[in-house]
1. Looking at region 41-53, which of its residues are of a type outside the set (A, V, I, L, M) and open to solvent by less than 60 Å² (accessible area, probe 1.4 Å)?
2. Among the residues of region 29-51, write down those that are of a type in the set (A, V, I, L, M) and either over 14 Å from the mean Cα position of the chain (by Cα) or at pLDDT below 95 (or both).
3. Any idea which of (1) open to solvent by less than 100 Å² (accessible area, probe 1.4 Å); (2) among the hydrophobic types (A, V, I, L, M, F, W, C); (3) at pLDDT 95 or above; (4) assigned to a helix (DSSP H, G or I) is the one Val56 doesn't satisfy?
4. Being basic (Lys, Arg) and either assigned to a helix (DSSP H, G or I) or touching a residue at least 24 places away in the same chain (Cβ under 8 Å) (or both) is the filter here, so list the residues in region 10-53 that pass it.
5. Only one of (1) modelled with pLDDT under 90; (2) open to solvent by 80 Å² or more (accessible area, probe 1.4 Å) fails for Ala72. Which number is that?
6. Which of the residues spanning region 1-19 are closer than 30 Å to Met54 by Cα and surrounded by 10 or more Cβ atoms within 10 Å (Cβ to Cβ)?
Amino acid sequence: MKKCIMVSYEEEKLLALRMYAEQRGASVEEELAQAAEAMYQKIVPANVRAFVDMKVESQKPKKKARDVPASAVGD
């Protein structure tokens, strides 16, 4: 599950940041998500990241294999 992080930032700076990010084909939100991921990689120990990854994977819904009728196989 993803959670939101709220950060206070000067309005004029944010407007300028959004404008120039858009010119580069990026978004402030995407850039912040990448920065948060880089900070996570830098600060959280590798063994803890591995544990968190396993926990996240186990919580993802499993995709069911599509049932294919036996008559459709080999057609």
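1. Arg49
2. Ile43, Val44, Ala46, Val48, Ala50
3. If we test Val56 against (1) open to solvent by less than 100 Å² (accessible area, probe 1.4 Å); (2) among the hydrophobic types (A, V, I, L, M, F, W, C); (3) at pLDDT 95 or above; (4) assigned to a helix (DSSP H, G or I), just (3) comes out false.
4. Lys13, Arg18, Lys42, Arg49
5. Among (1) modelled with pLDDT under 90; (2) open to solvent by 80 Å² or more (accessible area, probe 1.4 Å), the lone unmet condition for Ala72 is (2).
6. None; the set is empty.
The values are calculated or read from the model by the stated rules, or taken from the named source; none is laboratory data. Note that the structure is predicted; figures quoted are calculated from it, not measured. A quick note on method: Cβ atoms are made from the backbone with ideal geometry, for glycine too, and the neighbour counts reach across all protein chains shown. Side chains are part of the model used for accessible areas, which takes the heavy atoms of the whole protein and leaves out ligands, DNA and RNA. Shrake-Rupley method; radii C 1.70, N 1.55, O 1.52, S 1.80 Å.
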